[in-house]
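Peer 1: Input: one structure, supplied below.
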Number of protein chains: 2
Amino acid sequence: MVRWSPDARGRLERAAFELFAEQGFSATTVPEITARAGLTTRTFFRYFADKREVFFAGDEIPELARRVLAAAPPGLDPVVLLEQGLRQVAADRFDGHRDEVRLRRDLVDADPSLRERDAQKRADLVAVLRPGLQARGVDALEAALLAELTVVVLHVAMRAWLDDPAEESMSDVVSRCFTRLRGVLEVGAARVF
Amino acid sequence: MVRWSPDARGRLERAAFELFAEQGFSATTVPEITARAGLTTRTFFRYFADKREVFFAGDEIPELARRVLAAAPPGLDPVVLLEQGLRQVAADRFDGHRDEVRLRRDLVDADPSLRERDAQKRADLVAVLRPGLQARGVDALEAALLAELTVVVLHVAMRAWLDDPAEESMSDVVSRCFTRLRGVLEVGAARVF
């Protein structure tokens, strides 16, 4: 009798994504996932509260953001820090995984319960970045704007990267977003006066 | 027999908000709203599909955004246009209504179904701004960034305005957000090199 399954968590995640890819998120059941992984539903629920949790397993961007904020030198400019942090997230989590990220994006777009959880994930990242920036001396208004802006750039850059046939790296798309924001805001300022 | 009730819609909205303020959103029922308004539930459902719809009635910011985009001169810089548009929304819909806006904010924060709909409203505004900007010649990446940025500024400015004891106008908070974003992004650019 096998009491311990090596890499049960990883096998469940892989089985779940195979099934989500084949038949969609809502049509896939937990027993189907465990059957495909060769494990029991009991094992499934040892690792995950529900199907949505498998979907978002490994998506620890808020945790990564917390570490980036903690490790950055105290005097580092906040925008430089955010751009570098996003480039790092892009390089670690997105570049080289285009097909998987695209599948996730398509599944989220197609399912209201995943969209809701995805929106919550964005809010979670804002909730990490905002106090983290304030702790570095950024005032409340600027911290709120920069935290939201960072999540916007992550989201817009990911979609632009997925839609880009040129296969530019996502970390470069992130930098392009910051450059474009700078450019367009400067032009706006020049024309106000 | 009264077949037509003058301003039934307005009476239902006012009754609903009185009750939401007194006892919260989830505890308030449609029969309570109609009793308070002196109207029938049948009349209620002539105007609103459900309780959430009364809550968001009159919140036609995407519609306003569509009109602002259509009315702006073709050559107007997109950021100037967005800042002016947000100042107009702030002046028309927020300034002078601080208590009502604060009540709405508190009710949304307290109720998951209102938060979900509020997030959808933000997505609706992005969905109007993005193609509207592209129709004015802004490219896809910049249109996506600016549409999301505008919704972020509206959201952050509203919360900053509500929390500000100095009672600055929300249209001035909107401009302050754009000024701060410009400033912090410029500093960021200067320090990258």
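The values are calculated or read from the model by the stated rules, or taken from the named source; none is laboratory data. Every value quoted in this text rests on a predicted model; they were computed, and no experiment measured them. Cβ: placed from backbone, ideal geometry, glycine included. Neighbour counts: every protein chain shown.
Peer 1: Just wondering, is there one or more residues in the range A:79-88 that are more than 12 Å from chain B (Cβ to nearest Cβ), among the basic types (Lys, Arg) and surrounded by 14 or more Cβ atoms within 10 Å (Cβ to Cβ)?
Peer 2: no
Peer 1: May I ask you to verify whether A:GLU142 is among the acidic types (Asp, Glu) and either buried (at least 21 other Cβ atoms within 10 Å of the Cβ) or within 9 Å of chain B (Cβ to nearest Cβ) (or both)?
Peer 2: Yes.
Residues are listed down the side, and each one gets a yes or a no for (1) within 23 Å of B:LEU125 (Cβ to Cβ); (2) assigned to a loop (DSSP other than H, G, I, E, B); (3) touching a helix residue (DSSP H, G or I) at 6+ places or on another chain (Cβ under 6 Å):
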{"site": "B:ARG11", "(1), (2), (3)": "no, no, yes"}
{"site": "B:ALA21", "(1), (2), (3)": "no, no, yes"}
{"site": "B:ALA35", "(1), (2), (3)": "no, no, no"}
{"site": "B:ARG42", "(1), (2), (3)": "no, no, no"}
{"site": "B:ARG52", "(1), (2), (3)": "yes, no, yes"}
{"site": "B:VAL80", "(1), (2), (3)": "yes, no, yes"}
{"site": "B:GLN84", "(1), (2), (3)": "yes, no, no"}
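Peer 1: Those residues that are surrounded by fewer than 16 Cβ atoms within 10 Å (Cβ to Cβ) and away from every other protein chain (no Cβ under 12 Å), I need them from the range A:98-120; list them, please.
Peer 2: The answer is A:ARG98, A:ASP99, A:GLU100, A:ARG102, A:LEU103, A:ARG105, A:ASP106, A:ALA110.
Peer 1: Does any residue in the range B:63-79 that is at negative phi come within less than 6 Å, Cβ to Cβ, of a residue that is among the basic types (Lys, Arg) six or more places away or on a different chain, and which pairs are these?
Peer 2: Going by the 6 Å Cβ cut-off, the qualifying pairs are B:ASP77/A:ARG191.
Peer 1: Just one of A:VAL54, A:VAL30 is among the hydrophobic types (A, V, I, L, M, F, W, C) and buried (at least 18 other Cβ atoms within 10 Å of the Cβ); which is it?
Peer 2: Only one candidate passes the filter, namely A:VAL54.
Peer 1: Between B:THR150, B:THR179, which is within 9 Å of another protein chain (Cβ to nearest Cβ) and not aromatic (Phe, Trp, Tyr)?
Peer 2: B:THR179
Peer 1: Test A:ALA90 against the stated conditions and say whether it is small (Gly, Ala, Ser) and either over 29 Å from B:LYS121 (Cβ atoms) or in contact with a helix residue (DSSP H, G or I) (Cβ under 8 Å, 6 or more places away or on another chain) (or both).
Peer 2: Yes.
Peer 1: Just to check your reading of the model, which residue among B:ALA123, B:ALA135 is under 14 Å from the mean Cα position of the chain (by Cα), in the same structural domain as B:ASP164 (by TED's automatic domain parsing) and surrounded by fewer than 17 Cβ atoms within 10 Å (Cβ to Cβ)?
Peer 2: B:ALA123
Peer 1: Given (1) hydrophobic (A, V, I, L, M, F, W, C); (2) within 30 Å of A:ASP163 (Cα to Cα); (3) surrounded by fewer than 16 Cβ atoms within 10 Å (Cβ to Cβ), identify the lone condition not met by B:ALA65.
Peer 2: Here B:ALA65 meets the rest and fails (3).
Peer 1: Scan the range A:112-142 for residues that are without any contact (Cβ under 8 Å) to a residue 60 or more places away in the chain and either in contact with a Gly (Cβ under 7 Å, 6 or more places away or on another chain) or within 15 Å of B:ARG159 (Cβ to Cβ) (or both) and report the count.
Peer 2: Number of matching residues: 8.
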